[in-house]
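Step one of this worksheet: look at the structure below.
The values are calculated or read from the model by the stated rules, or taken from the named source; none is laboratory data. Quick caveat, the model's predicted, so the values are computed rather than measured. Note that each Cβ is placed from the backbone with ideal geometry, even for glycine, and that neighbours are counted across all protein chains shown. Surface areas here come from the heavy atoms of the whole protein model, side chains and all, with no ligands, DNA or RNA. Shrake-Rupley method; radii C 1.70, N 1.55, O 1.52, S 1.80 Å.
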Number of protein chains: 2
Amino acid sequence: MRSIGGVLNGNNLDQVRRGNLSTVLGLVHTNGAPSRAWLTRETGLNRSTIAALVAELVQLGLVVEAGWDQTNQVGRPSPIIRASGKRIAIAVRPELDAIDIGLVALDGTVIRRVHRETERAPTAREAVDIAAAEISELLGDLDASYRPVAIGLVVPGLVRESDGLVSIAPHLGWSDEPVAVMLQEATGLDVYSANDANAGAIAESTFGAGRGVSELIYLNGGASGIGGGIVIGGDLLRGANGFAGELGHTLVNSAGIACHCGSSGCLETEVSRQQLLEALGLSIGDAERLDDVLLAAFAPGATVPSALAELVERQLGFLAIALGNATNLFNPRMIVLGGFLGSLYGAAPGVLDEAIRHHAMAATRDGLVIQRAALGSNILMIGAAELAFADLLGNPA
Amino acid sequence: MRSIGGVLNGNNLDQVRRGNLSTVLGLVHTNGAPSRAWLTRETGLNRSTIAALVAELVQLGLVVEAGWDQTNQVGRPSPIIRASGKRIAIAVRPELDAIDIGLVALDGTVIRRVHRETERAPTAREAVDIAAAEISELLGDLDASYRPVAIGLVVPGLVRESDGLVSIAPHLGWSDEPVAVMLQEATGLDVYSANDANAGAIAESTFGAGRGVSELIYLNGGASGIGGGIVIGGDLLRGANGFAGELGHTLVNSAGIACHCGSSGCLETEVSRQQLLEALGLSIGDAERLDDVLLAAFAPGATVPSALAELVERQLGFLAIALGNATNLFNPRMIVLGGFLGSLYGAAPGVLDEAIRHHAMAATRDGLVIQRAALGSNILMIGAAELAFADLLGNPA
DNA sequence: CGGTTTTGTTGCCTAGAAAAACATATCAGT
DNA sequence: ACTGATATGTTTTTCTAGGCAACAAAACCG
């Protein structure tokens, strides 16, 4: 049985309408403020159909018609469609020493953003309680025209897709914590949960460096290790249980050191931010200066200390092994590097390009583009919001 | 722009009809001979709609209504729908010392199969000429009621999706050969081309060990190396250019030997059939006995020579590294092993299972099933036929 | 043999997209 | 400013395809 994910089958007419509403809302959400005429061209649907679909979305409070196309072209101007600024997603992101919470509207504006520091890594219970309290306060400040849609919860760890169970988040010390359910119970809002790098991959492929690229690999280097997210056909690769994308645990060194995952020589153990900070003489507190300092050290004309050059070259070599393997497996159009991996690449792009030439087959890397991530510090807010909006975007009615 | 593969968008009624025809034909093709009532349940469509869809498919000559459900249940019997035995795909498969050609009907029956030996590896030109001559003869033998749909060409090498160019087929000595175009010109038939392991993955996931499994990895060990195919959401992973799935070129040994791909320590160089044949005292001509001999050597109660035991254990160890990496990346539901990799696994399944436990994270391998391939020697005929039928199944009208 | 159950068959209904005709708003050229 | 060309919104009509309900048919059961 070619049961596609178990949910195959008969299209009926309802699904046509639902699909078209979803397509239009998605285009509006992703493209900022297109005109009705643009939507007509882009979807291939009839003018009158687009008019009806937009009218229904306006009725649902999901979009507004605001102003007219200012393109100075002949012909009657077409109204601009904007996603509602009143439907909001709540982004929640527990970190090692803080919890980030933000409100993001369907039109992409970040309405509020708070950073609640904690003395130590919060337990799941503490994270949920702090988030719930903060959410309650943030929503209380808004007038009644704003409506929360859902919560997007982004966790630095492995998250099961079916129920949002955090299987393991080594750096927070969590294991088998039903955080999504706990947060749902504490707030009464639906919670959509995912791994942080997966959320980052969604964000970069929808709004960032990978905009419009349907086959890409996103790899992020953070304080707590290396995480990956893979986009195929424009959708995040989730795998059987939602744990896909763990590129940080690719073997890159047979003689490597033990990894917390139980294996050894993983990319995550061989390439770490800590080594870079030490080589640059920076403390953990200075981590946010890493990019500037590293790029300055490798600026044209600068003399790079040999120990630093060696470290960077070695780390890029290991990175190239993991990316080469992944390129042979996925044949991606683009690789997007975030966090300190982006800094590493920025320092010596030629080194990585050349090493990948060695480790990936000529055919699978043909046309491959490597880029640094484009979204900066907002990436996880945006990714979390996309998680929260996904159901609404898929079925607006 | 969330342009999904560039072909997004508006569903209109035509697409609903096309999709439903495709769904029904696909279910009939994949499930042998279902009843109309079963199709109704499976698709969720209305009885009358299924009746109309089936009638149209009958009209198109793609299915026949033949006999009635013999299930001895209450109620009016439902007619059985069979795929046509007259619409045929032509499977072509160049090998090191032969060219295999087969005719496979839409109902799955293999109508003809010929094995044309060659003195040496054929050039692309030779392969095309032999195949074209053989196809002409095979089709000439059939009466006019048979209609060829297309040719499915399966090549042991990297095949570009857009135009079927064989980028490289190291063991045939081909590079940048437009074989699909050549075969199209020689026969006048459409040619759909793919890598052999990719075709194997399609076959095993549609009709073999992975039937109904929508997230699986297929890995095949042959005389000419190790090839892989990855199925995600029920569809073959193709990547940006169609080269995805090259699991044979995953790094498994940092101190490994050079690979023809330009890298070193690849799975394909560290694990080869040749080593196994030598350890078992078999010649290349005896390769087909490998499975029997190896399994006999490891049969319960047998004493395994230590050199052989070590080799098998080492090879399974390397295999586990590649599969562990892939498991962390894809979080598959199943891994299917074909060719000598299936034999290796059959000899000592516990060794591989244990090694994968070590190399894949607990979450990503949760619920993972490892199986030997089920389709045997017909796998590439079936895979090639699926390639040829894919367009028809996607758009029957 | 009549009752029950399941499914095929037929005719009607409705949702929704396309198409066509008309209206409107802009630009370009005089 | 006026006129024509162009693009797009608006309204009405048409058509397609799937759902639904009523009826017919073919099996099993007691």
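In table form, for the structure just shown:
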| read-out | value |
| --- | --- |
| All positions within the range B:376-385 that are open to solvent by 10 Å² or more (accessible area, probe 1.4 Å) and under 25 Å from B:Gly19 (Cβ atoms) | B:Ile382 |
| Condition check for B:Val63: open to solvent by less than 30 Å² (accessible area, probe 1.4 Å), touching a helix residue (DSSP H, G or I) at 6+ places or on another chain (Cβ under 9 Å), within 16 Å of DNA strand C (Cβ to nearest atom) and under 23 Å from B:Asn395 (Cα atoms) | yes |
| Looking only at the range B:96-109, and only at residues there that are modelled with pLDDT of 95 or more and among the β-branched types (Val, Ile, Thr), the one that is farthest from B:Tyr146 (Cα to Cα) | B:Ile99 |
| Residue match in the range B:119-138 (condition: in contact (Cβ under 8 Å) with a residue 60 or more places away in the chain and either within 14 Å of DNA strand D (Cβ to nearest atom) or of a type outside the set (A, V, I, L, M) (or both)) | no |
| Output for the range A:355-369, where each listed residue is touching a strand residue (DSSP E or B) at 6+ places or on another chain (Cβ under 9 Å) and surrounded by 19 or more Cβ atoms within 10 Å (Cβ to Cβ) | A:Ile356, A:His359, A:Met361, A:Ala363, A:Thr364, A:Leu368 |
| Subset of the range B:330-348 (residues that are in contact with a Gly (Cβ under 7 Å, 6 or more places away or on another chain) and part of a helix (DSSP H, G or I)) | B:Phe330, B:Gly339, B:Phe340, B:Leu341 |
| Criterion violated by B:Asn253 - all others in (1) touching a residue at least 40 places away in the same chain (Cβ under 8 Å); (2) within 14 Å of the chain's Cα centre (by Cα); (3) over 28 Å from B:Glu134 (Cα atoms) satisfied | (2) |
| Pair list, Cβ < 7 Å and 6+ apart or interchain, from the range A:46-59 residues that are within 14 Å of another protein chain (Cβ to nearest Cβ) and more than 8 Å from DNA strand D (Cβ to nearest atom) to residues that are open to solvent by less than 30 Å² (accessible area, probe 1.4 Å) and not aliphatic (A, V, I, L, M) | A:Leu53/A:Asn20 |
| Exclusive hit being within 14 Å of DNA strand C (Cβ to nearest atom) and crowded, with 19+ Cβ neighbours inside 10 Å, set B:Leu25, B:Leu45, B:Leu13 | B:Leu45 |
| Number of positions in the range A:66-83 that are open to solvent by less than 30 Å² (accessible area, probe 1.4 Å) and either within 8 Å of DNA strand C (Cβ to nearest atom) or part of a loop (DSSP other than H, G, I, E, B) (or both) | 1 |
| Selected residue [within 13 Å of chain A (Cβ to nearest Cβ), more than 26 Å from A:Ala169 (Cα to Cα) and in contact with a helix residue (DSSP H, G or I) (Cβ under 8 Å, 6 or more places away or on another chain)] from B:Gly324, B:Gly346, B:Gly317, B:Gly342 | B:Gly317 |
| Residue tally, condition touching a residue at least 12 places away in the same chain (Cβ under 8 Å), in a helix (DSSP H, G or I) and away from DNA strand C (no atom under 12 Å from the Cβ), over the range B:28-42 | 3 |
| Hits in the range A:256-270 (condition: in contact (Cβ under 8 Å) with a residue 40 or more places away in the chain and closer than 18 Å to B:Gly265 by Cβ) | A:Leu267, A:Glu270 |
| Helices (runs of 4 or more DSSP H) completely within the range B:163-272 that count 3 or more residues being within 13 Å of another protein chain (Cβ to nearest Cβ) | B:196-207, B:267-270 |
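Results for (1) among the β-branched types (Val, Ile, Thr); (2) open to solvent by 10 Å² or more (accessible area, probe 1.4 Å); (3) assigned by TED's automatic domain parsing to the domain that holds B:Cys259, shown as yes or no for each residue.
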| site | (1), (2), (3) |
| --- | --- |
| B:Tyr192 | no, yes, no |
| B:Asn195 | no, yes, no |
| B:Thr206 | yes, no, no |
| B:Leu216 | no, no, yes |
| B:Leu219 | no, no, yes |
| B:Ile230 | yes, no, yes |
| B:Gly233 | no, yes, yes |
| B:Leu247 | no, no, yes |
